[in-house]
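Scroll down for the structure; my scribbles are underneath it.
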Amino acid sequence: MRDLERRLRALLAIGHAEMESRRQKAAAAASLPFPHAAPRPGQKIMMEAVRRALEKGENLIAEAATAPAKPPRACIRPWRTDWPPGGRCSS
């Protein structure tokens, strides 16, 4: 029984550490500014589609073209500020 308790405590510690790591990453991501003066029209449309899908709990398949010389360099955080820490999109 003690071995089981030791294993469970170890798993709980791992789970708590992962939750704290997610919380820290979410806090860091929330403070990232959009890297441009404003989103382009196509970006606005996609950001709105992602926001709506997240609010409704729906799936969304989206594709954004990018020129080979211009790889995407920013992660756009379209979620509202009340998105739960550690919230995830499932694929």
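So the values come out like this:
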read-out: Residue list for the range 18-32, restricted to those being without any contact (Cβ under 8 Å) to a residue 12 or more places away in the chain and surrounded by 10 or more Cβ atoms within 10 Å (Cβ to Cβ); value: GLU18, GLU20, SER21, GLN24, LYS25
read-out: Residue check for ALA38: more than 23 Å from GLU63 (Cα to Cα) and either without any contact (Cβ under 8 Å) to a residue 24 or more places away in the chain or not in a loop (DSSP other than H, G, I, E, B) (or both); value: no
read-out: Number of the exception - TRP79 against (1) at pLDDT 70 or above; (2) surrounded by 10 or more Cβ atoms within 10 Å (Cβ to Cβ); (3) within 15 Å of the chain's Cα centre (by Cα); value: (1)
read-out: Cβ pairs under 6 Å, 6+ apart, first in the range 44-64 and surrounded by 12 or more Cβ atoms within 10 Å (Cβ to Cβ), second of a type outside the set (A, V, I, L, M, F, W, C); value: MET47/PRO78; VAL50/PRO78; ARG51/PRO78
read-out: Qualifying residue in the range 41-57 (condition: modelled with pLDDT of 85 or more and assigned to a loop (DSSP other than H, G, I, E, B)); value: yes
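The values are calculated or read from the model by the stated rules, or taken from the named source; none is laboratory data. It should be emphasised that the depicted structure is a prediction, and the values quoted were computed from it without experimental measurement. As a convention, Cβ positions derive from the backbone with ideal geometry for all residues, glycine included, and neighbour counts pool all protein chains shown.
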